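Below you'll find the structure, written out as structure tokens, and then a few comments.
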Amino acid sequence: MARFDLITIFPDYFEALELSLIGKARTQGLVDIAVHDLRDHAEGVHKSVDDTPYGGGAGMVMSPEPWGKAIDLVSQGSGPHDLIILTPAGKKFTQAMAEEFSHREHLIFACGRYEGIDHRVTEFYSSQPEFRVHEVSIGDYVLNGGEVATLVMLEAIIRLIPGVLGNPLSLAEESHTLTSEGEAIVEYPNFTKPPEWRGLEVPEILLSGNHAAIKAFRTQEAVKRTVNRE
Ligand code: SAM
């Protein structure tokens, strides 16, 4: 079973993981998710996890000590461990990465706050043979913390794990999934009942029962949408 360890100073963000398909996947034993409070690994009365930046500048930086302790604790036992450090400076998250991570056995998510995590955490674990370290961004914008980014990644990854979706066929034609020709296009527009809504009719061909024509129509619409969003 795939294991996910999430390290954060705001464990409550992850209550959403009890809901919907991920909640069900957890109760069915398809995934094992554990949330850890970084402050449990901080010293002193104030359980401080940050300090002023060397070299000056605004804001605070997350100290390496509590991160090292928390990551060491969750990575006891044999690797490999995939350590994902959320940062807007990281490699942009894609469907292809979600697919790759959905095959991994142990993923650790390090949710930064403030100005981010002391860079030596990335450097240290990158030098450890049992770790694969990935600095990942969910897009070119800045969030307040890595928790929401982790939720985004978990949704994309966990739905690809066999057994999580009720109908695995729904994955086959989804947006950003590589086609047999090796292309990633977005999905065609979808319609359901009623056949007419506020004067708008469902494209007639979808009601025709002609599967070949429907397939051709959908491909054409998917290509149109793919081109239009660029
Ligand atoms: N000073 C950092 C910079 O300019 O690159 C931004 C830090 S941000 C305010 C605090 C934390 O939010 C980051 O350490 C990271 O964990 C998370 N974060 C913010 N934007 C993100 C994004 N686009 N993708 C992933 N994580 C993000």
Name the residues in segment 1-35 that are farther than 21 Å from residue 84 by Cα and surrounded by fewer than 20 Cβ atoms within 10 Å (Cβ to Cβ), would you? 18, 19, 20, 21, 23, 24, 27, 28, 29
Which one of the conditions (1) of a type outside the set (Val, Ile, Thr); (2) within 24 Å of the chain's Cα centre (by Cα); (3) surrounded by 13 or more Cβ atoms within 10 Å (Cβ to Cβ); (4) part of a loop (DSSP other than H, G, I, E, B) does residue 103 fail to meet, given that it meets all the rest? (3)
So which residues in segment 207-219 are surrounded by 11 or more Cβ atoms within 10 Å (Cβ to Cβ) and either hydrophobic (A, V, I, L, M, F, W, C) or in a helix (DSSP H, G or I) (or both), if there are any at all? 207, 213, 214, 215, 216, 217, 218, 219
Out of all the residues in segment 90-125, which are within 24 Å of residue 11 (Cα to Cα), touching a Ser or Thr at 6+ places or on another chain (Cβ under 7 Å) and away from the ligand (no atom under 13 Å from the Cβ)? 108
Quickly run through segment 176-187 and pick out the residues that are part of a loop (DSSP other than H, G, I, E, B) and touching a residue at least 24 places away in the same chain (Cβ under 8 Å). 176, 177, 185, 186, 187
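Take the residues in segment 41-77 that are touching a residue at least 24 places away in the same chain (Cβ under 8 Å) and loosely packed, with under 14 Cβ neighbours inside 10 Å, then tell me which one is nearest to the ligand (Cβ to nearest atom). Can you show your working first?
To start, the set of residues in segment 41-77 that are touching a residue at least 24 places away in the same chain (Cβ under 8 Å) comprises 41-42, 49-50, 53, 57-71, 73-75.
After this cut, where a residue has to be loosely packed, with under 14 Cβ neighbours inside 10 Å as well, the list is 57-59, 73.
Details: 57: 9, 58: 9, 59: 7, 73: 20 Å.
My answer is 59.
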Only one residue in 190, 144 is at pLDDT 95 or above, within 11 Å of the ligand (Cβ to nearest atom) and not in a helix (DSSP H, G or I), so which one is that? 144
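The values are calculated or read from the model by the stated rules, or taken from the named source; none is laboratory data. This structure is a prediction, so every number in the text was calculated from the model and none was measured. Here the Cβ is made from the backbone with ideal geometry for all residues, glycine too, and neighbour counts use every protein chain on show.
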